[in-house]
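Below is one structure, written out as structure tokens; comments come after it.
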Amino acid sequence: MEKRPEQRSLWKGIKRGETVLEMKGITKRFPGVLANDHIDFDIKAGEIHALLGENGAGKTTLMNILYGILQPDEGEIYVQGKKVRIRSPLDAISLGIGMVHQHRKLVPAHTVLENIILGHPRAGKVLNVRRAEEELKGLCKKYGIKIDLRAKVWQLSAGERQMVEIIKAIYRGAKLLILDEPTSVLTPPETRQLLMSLKVMARDELAIIPFITHKLPIVLKISDRMTVLRNGKVVSHLKTKGATMRSLAKMMVGREVLFRTKKVEVKRGKPIIEVRNLSALSDKGVLALKNASFSIREGEIFGIAGVSGNGQHELAEVLMGLRKATGGKVIFRGRDITDSSILERWKTGIGYIPSERVEVGSIGDFSLVENIAMNLYFDNSFSRWGLLDYKKIRKHTEEAISEFDVMAPSADTKAKHLSGGNLQKLILARVLSREPQLLIANLPTHGLDVGATEFVRNKLVESKKEKIGILLISEDLDEVLSVSDTIAPIYEGEFMEIVPSEKARRDEIGTMMAGARPKR
């Protein structure tokens with residue numbers, strides 16, 4: 001059996017600016033897909049080297065190879081000049097490589113301290129918990145991280161959980177950190193804190209690889225170098241100094257991306273929906289939405305800004321009939337629909353884009369035609385004597401995927417073979433082609449690359465011309481500010497304030513997302 005390299009010997013005597021990792025000619029194939037095509041990548045001690053690319057560009061595959069989750073078909077990896085074989089995450093950890101995944105790997109019911117020492121190499125022997133706590137306090141102080149080690153993970157914010165994962169990796173001896181979309185669910189204050197901590201870590205000669213799909217301002221602010229991937233190949237290795245959002249996006253997408261959504265000025269019409277003192281429980285039976293009241297008019301985008309887990313998901317499900325309200329009323333065009341079924345709401349004119357495009361928004365083993373048909377089966381225009389008119393549905397599907405630029409070989413392609421951006425376009429096409437009066441868009445651009453994000457945002461704004469009212473739920477404050485007419489920051493199930501977009505200030509909205517009301 002091949003001997004695992006000793007971490008201490010590999011990282012001993014490391015100095016800032018020295019190359020600590022090289023990946024040469026990394027190639028990975030999946031059935032019908034060349035995910036990584038002879039990729040070269042390297043990083044130096046004390047450097048933040050960002051890996052950029054659209055969804056499907058090959059970033060995740062490359063980093064999963066580095067962390068031992070996948071094995072390359074071709075190529076070599078060197079740590080401190082020594083060729084290594086990384087067969088598993090355990091090998092990666094032993095080599096001083098840590099990875100913080102976008103979807104947290106923590107146990108909510110355990111404390112921060114317990115999560116960090118769980119599975120630690122010393123955990124199988126006699127573990128000195130008090131000493132571990134003191135060591136962790138020292139690490140937190142060193143990197144400017146404020147976390148209660150005795151707190152339960154479920155009590156922490158998204159930003160705090162992120163920092164727990166990072167400290168956990170460093171405590172296990174990581175000298176190279178891989179960060180998957182590190183700021184995707186953070187508030188502006190949490191983002192600033194994370195970036196400050198990462199800069200301190202880099203000064204401490206750690207090597208850091210954030211891989212990013214769409215938050216290019218973060219990349220420009222924090223990185224020293226960048227590698228851009230497109231279609232599994234390296235498009236460019238470049239220094240951050242001198243790069244711009246536009247130039248990076250063009251490398252990633254292969255075309256110009258404008259990075260601005262031009263607001264369409266539409267005279268707002270009559271109220272479409274009125275929500276009065278609406279409350280609802282979470283899946284755990286805890287009050288998640290508390291006395292929410294607002295209205296949305298024709299041609300208005302009502303943007304809810306908040307970090308995940310603050311009641312916005314429950315609100316979307318109550319409005320769509322997927323969750324029962326525990327109090328309050330939902331009035332649609334003057335009619336009480338609080339207890340109406342999902343089908344009744346579809347027929348009434350409410351469209352829904354769920355946050356889980358794979359689990360809820362589509363059926364992977366169904367074709368595009370069948371996925372579109374899920375919103376047409378009750379429409380007499382597409383059925384005869386109770387039987388679906390598949391010829392008419394196919395024509396409707398082909399027109400929809402053409403208008404919404406869904407890249408697929410044919411309408412018979414299974415939904416599971418679409419990229420995240422194309423799947424979201426399919427869902428958007430399915431809903432908007434029905435010409436709803438109200439659209440509930442829950443995280444419509446979450447996890448999408450810059451090109452798909454631009455497309456979806458523009459479609460939402462264009463929909464205002466058709467007098468559609470839109471409830472936009474987003475964890476991206478820049479998105480809410482750029483497209484919304486009215487903005488409501490939400491915290492622990494309550495609207496902190498409802499602000500017209502022309503009066504909204506970014507710092508105030510960000511502060512309210514974290515639970516603090518602005519001083520007026």
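The values are calculated or read from the model by the stated rules, or taken from the named source; none is laboratory data. Predicted, not measured: the structure shown is a model, and the values here were computed from it. Neighbour counts run over all protein chains shown; Cβ positions are idealised from the backbone, glycine included.
Quick look at the values:
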{"read-out": "Only one of Lys459, Lys467 that is of a type in the set (D, E, K, R) and closer than 30 Å to Asp412 by Cβ", "value": "Lys459"}
{"read-out": "Among residues of the stretch 318-330, those that are free of Cβ contacts under 8 Å to residues at least 24 places away in the same chain and in a helix (DSSP H, G or I), counted", "value": "0"}
{"read-out": "So Gly159, is it assigned to a loop (DSSP other than H, G, I, E, B) and surrounded by 13 or more Cβ atoms within 10 Å (Cβ to Cβ)", "value": "no"}
{"read-out": "Qualifying residue in the stretch 108-131 (condition: surrounded by fewer than 21 Cβ atoms within 10 Å (Cβ to Cβ), at pLDDT below 90 and within 23 Å of Val234 (Cβ to Cβ))", "value": "no"}
{"read-out": "Selected residue (criterion: nearest to Phe332 (Cα to Cα)) from residues of the stretch 275-304 that are outside any loop (DSSP other than H, G, I, E, B) and of a type in the set (Ser, Thr, Tyr)", "value": "Ser295"}
{"read-out": "Hey, Ile145 modelled with pLDDT of 90 or more, under 27 Å from Ser223 (Cβ atoms) and either outside the structural domain of Glu160 (by TED's automatic domain parsing) or of a type outside the set (D, E, K, R) (or both) or not", "value": "no"}
{"read-out": "Residue under evaluation Arg357, criteria (1) over 30 Å from Glu492 (Cβ atoms); (2) in a loop (DSSP other than H, G, I, E, B), criterion not met", "value": "(1)"}
{"read-out": "Check on Gln162, closer than 21 Å to Glu492 by Cα and either free of Cβ contacts under 8 Å to residues at least 12 places away in the same chain or in contact with a strand residue (DSSP E or B) (Cβ under 6 Å, 6 or more places away or on another chain) (or both)", "value": "no"}
{"read-out": "Residue check for Gly364: in contact with a strand residue (DSSP E or B) (Cβ under 7 Å, 6 or more places away or on another chain), modelled with pLDDT under 90, of a type outside the set (Phe, Trp, Tyr) and loosely packed, with under 15 Cβ neighbours inside 10 Å", "value": "yes"}
{"read-out": "Wholly enclosed strands (runs of 3 or more DSSP E) of the stretch 14-126 bearing at least 1 residues acidic (Asp, Glu)", "value": "19-30, 33-44, 74-79"}
{"read-out": "Any hit, the stretch 99-106, residues being of a type outside the set (Ser, Thr, Tyr), at pLDDT below 90 and touching a Lys or Arg at 6+ places or on another chain (Cβ under 8 Å)", "value": "yes"}
{"read-out": "Subset of the stretch 162-188 that is closer than 20 Å to Leu216 by Cβ and part of a helix (DSSP H, G or I) - its residue that is modelled with the highest pLDDT", "value": "Gln162"}
{"read-out": "Residue in the stretch 208-231 that is over 21 Å from the mean Cα position of the chain (by Cα) and closer than 23 Å to Val164 by Cβ present", "value": "no"}
{"read-out": "Single condition Glu298 does not satisfy, out of (1) among the charged types (D, E, K, R); (2) in contact (Cβ under 8 Å) with a residue 40 or more places away in the chain; (3) within 30 Å of Tyr390 (Cα to Cα); (4) not assigned by TED's automatic domain parsing to the domain that holds Leu426", "value": "(3)"}
{"read-out": "Residue in the stretch 194-205 that is under 25 Å from Glu114 (Cα atoms) and under 18 Å from the mean Cα position of the chain (by Cα) present", "value": "yes"}
